[in-house]
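The values are calculated or read from the model by the stated rules, or taken from the named source; none is laboratory data. Owing to the predicted nature of the structure, the values given are computational and were not obtained by experimental measurement. Methodologically, a virtual Cβ is constructed for each residue, glycine included, from the backbone with ideal geometry; neighbour enumeration extends over all protein chains shown.
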Amino acid sequence: MTLTSTEIAPAIKLTDRIHRIEPSATMAVVAEADKLRSQGADVVDFGAGEPHFATPQHIKDAAIAAIQGNFTKYTAVGGTAELRDAIVQRHAADFASEYGREEVIASVGGKHALFNAIQVLVDHGDEVILPVPYWVSFKDIIRYAGGNPVLVETDESHNFGLTAEMVLKRVTPRTKAIILNSPSNPSGAVMQPEHMTEIIRMAQERGIWIISDECYVYLNYTDRNFSVGALREYRDRMVILGSLSKTYAMTGWRLGYALAPAPVVSAMAKLQSQSTSNPTSIVQKAAVAALTGPQQCVEDMRREYIKLRDHVVKGLRAIPGIKCTMPEGAFYAYPNVSSFFGRSGLKSGSDVGGKLLREAYVAAVPGEGFGTTDHIRVSYATSMGELDRGLERMNKFFAGL
Ligand SMILES: Cc1ncc(COP(=O)(O)O)c(C=O)c1O
């Protein structure tokens, strides 16, 4: 007799810790949109969190040269010295930070660097302060380490801004770390340097770690681009997480990094040595080319995102019933769709996102995955043409509710 998978399933005892986390909400939308597409639907994709640009040619060339030159063996776990130097030098040049080779580790994407940092800093029962809305993975990665995310609500009418006062209300003797993510995924909010500095000062006084996710730091549309790395006097309680994914349109290459005190970096390298080992050797060569080569491509993409942002926000605001803050960075708009709740049985961002995908074939990520029920996340990393197609469908969809 052959057992079906559902009959076998109850016998499988998975670990407790795997039940503490959920699959990434953004990946779930991508999967559902892909499924509809495979059935022949013409889906406009505002769901994906990745640049629509191709990786710049000189970066691709460096990877090809690495393959041809047989740079295809294991490297040091935390990346080659060449790459680690390139990371710290780029960061120092752009943000006036000061890190040495022993204070940087290259990982298999920014998410991997974040995962490792949380694993080595957060113990069972530790609290980690997380501003809402938050990027989906923070909560789950904290939980996987046994920590408790402590949420700080931000105010949409103040562009989801975060101040030291708001954070301080959530601090307890168990607070181990505070997560900062500016520019933010999903709201696109950019923190004011003064607010960041105050939070860091407050944290330092209490021995609390700052974990600053700078994945979108180069996609800042204000004239005050800033990294906490500039606050050198606070570096001994600070982890900066960076990524080449968004900056150089390299999401699939998987290269991220952490800048942190040497003992933290060395603990992260120990963990990495027992899981992935080094990031792909070929990708490391490409990353060196990205970080040390011409940076005009970064500025060109940033300027294009600004145009796309202006276009999508204007389009969203023109839809009766939708409110949308002006994102100042990253490539997401975070419209509030709560005025439609109560119509056509809709009760949440999830309901709106689901119906929008199934009926109008527009993929956007429901706010629930980011900790708010009133929103959907619209990624505008796409062409103007796609933005127009999607906005037109959204217009009709919301008018028909
Ligand atoms: C806020 C934030 N941090 C980190 C990452 C991880 O990026 P990657 O692992 O591709 O470097 C993402 C990706 O969407 C993100 O939005």
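Looking at (1) crowded, with 20+ Cβ neighbours inside 10 Å; (2) not in a strand (DSSP E or B), which is the only condition Arg377 fails?
Just one mismatch for Arg377, condition (2).
For the stretch 23-53, give me the residue count where each residue is in a loop (DSSP other than H, G, I, E, B) and more than 16 Å from the ligand (Cβ to nearest atom).
Selection size over the stretch 23-53: 5.
Only one of Asp126, Asp140 is within 29 Å of Val190 (Cβ to Cβ), away from the ligand (no atom under 16 Å from the Cβ) and of a type in the set (D, E, K, R); which?
Of Asp126, Asp140, the one residue that is within 29 Å of Val190 (Cβ to Cβ), away from the ligand (no atom under 16 Å from the Cβ) and of a type in the set (D, E, K, R) is Asp126.
Answer with yes or no whether Pro133 is crowded, with 16+ Cβ neighbours inside 10 Å and touching a Lys or Arg at 6+ places or on another chain (Cβ under 9 Å).
yes
Quick check on the stretch 329-351: of everything there that is among the polar types (S, T, N, Q) and not in a loop (DSSP other than H, G, I, E, B), which residue is surrounded by the fewest Cβ atoms within 10 Å (Cβ to Cβ)?
For the stretch 329-351, the residue satisfying everything is Ser339.
Go through the stretch 42-73 and count every residue that is modelled with pLDDT under 95 and over 22 Å from the mean Cα position of the chain (by Cα).
Looking only at that region, the number is 0.
Within the group Ser245, Ser277, Ser266, which residue is assigned to a helix (DSSP H, G or I) and either within 16 Å of the ligand (Cβ to nearest atom) or closer than 18 Å to Gly78 by Cα (or both)?
Unique residue meeting the criteria: Ser266.
Check Val77 against each of (1) surrounded by 16 or more Cβ atoms within 10 Å (Cβ to Cβ); (2) under 30 Å from Ser187 (Cβ atoms) and name the one condition it does not meet.
(2)
From Thr280, Thr247, Thr222, grab the single residue that is within 29 Å of Asn159 (Cβ to Cβ), touching a residue at least 60 places away in the same chain (Cβ under 8 Å) and under 22 Å from the mean Cα position of the chain (by Cα).
Just one listed residue meets the conditions, Thr222.
Would you call Arg302 crowded, with 21+ Cβ neighbours inside 10 Å, within 20 Å of the chain's Cα centre (by Cα) and charged (D, E, K, R)?
no
Where residues in the stretch 197-221 are among the aromatic types (Phe, Trp, Tyr) and part of a loop (DSSP other than H, G, I, E, B), which of them is surrounded by the most Cβ atoms within 10 Å (Cβ to Cβ)?
By that ranking, first place goes to Tyr216.
To keep it simple, each residue is scored yes or no on (1) modelled with pLDDT of 95 or more; (2) outside any loop (DSSP other than H, G, I, E, B).
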position	(1), (2)
Pro320	yes, no
Pro327	yes, no
Gly353	no, yes
Glu368	no, yes
Leu387	yes, yes
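Restricting attention to the stretch 101-123, which residues are in contact (Cβ under 8 Å) with a residue 60 or more places away in the chain, away from the ligand (no atom under 16 Å from the Cβ) and within 23 Å of Ser281 (Cβ to Cβ)?
Answer for the stretch 101-123, where residues must be in contact (Cβ under 8 Å) with a residue 60 or more places away in the chain, away from the ligand (no atom under 16 Å from the Cβ) and within 23 Å of Ser281 (Cβ to Cβ): Glu102, Glu103.
For Leu255, state whether it is under 24 Å from Gly49 (Cβ atoms), in contact with a Gly (Cβ under 8 Å, 6 or more places away or on another chain) and more than 13 Å from the ligand (Cβ to nearest atom).
no
Can you tell me which residues in the stretch 330-365 are within 16 Å of the ligand (Cβ to nearest atom) and more than 14 Å from Val43 (Cβ to Cβ)?
Ala330, Phe331, Tyr332, Ala333, Tyr334
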